[in-house]
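Below is one structure, written out as structure tokens; the observations come after it.
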Amino acid sequence: MAVSAEFLDHLSELLAGLGPLTVKKMFGGASLQVDGVAFALVFGETLYLKVDDETRAAFAAAGSGPFVYAMKDGRTASLGYWSLPESGLDDPDEAVRWARLGVAAAFRAKKPKTKKGRATRDDIGPGPWDG
């Protein structure tokens, strides 16, 4: 289900407290980004926020559910995104509080860039190059 421009406008207003958002259309939906990092997905009329091991339990306790999609072979899969809890649907302060958890999870998931696809010295640990 495609995301409507009206719903994206609503989310921009709802999440205005996060600062400037970038919206990128993708696969019939959209991603929301802060400082170049995707912290949310939008499909249909649902906002899904990035979760990780630190935040998943809070989303589950609030009654949120994971983003699940059907694959071509009939199986289902999920990504590390959970729906915005109902408490944040019409409350900008609450929505921003949940979105900040998504932003934090997205930044934690962002891997440091390495030169030419190789691990940096800190990534590979001690070795003969240490003297």
Inset, instruction - Given the conditions (1) modelled with pLDDT under 95; (2) more than 15 Å from the chain's Cα centre (by Cα); (3) surrounded by fewer than 14 Cβ atoms within 10 Å (Cβ to Cβ), report the number of the one that L79 does not fulfil. - result: (2)
Legend entry - Which numbered condition S4 fails, given (1) under 17 Å from the mean Cα position of the chain (by Cα); (2) surrounded by 12 or more Cβ atoms within 10 Å (Cβ to Cβ); (3) at pLDDT below 90: (1)
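Residue-wise test of (1) over 26 Å from D9 (Cβ atoms); (2) basic (K, R); (3) at pLDDT 95 or above; (4) more than 17 Å from the chain's Cα centre (by Cα).
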{"residue": "V34", "(1), (2), (3), (4)": "no, no, no, no"}
{"residue": "Y69", "(1), (2), (3), (4)": "no, no, no, no"}
{"residue": "G88", "(1), (2), (3), (4)": "no, no, no, no"}
{"residue": "K113", "(1), (2), (3), (4)": "yes, yes, no, yes"}
{"residue": "P128", "(1), (2), (3), (4)": "yes, no, no, yes"}
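The values are calculated or read from the model by the stated rules, or taken from the named source; none is laboratory data. Keep in mind that what you see is a predicted model, and the values were worked out from it rather than measured. When we count neighbours, we look across all protein chains shown, and the Cβ atoms used for this are built from the backbone with ideal geometry, even at glycine.
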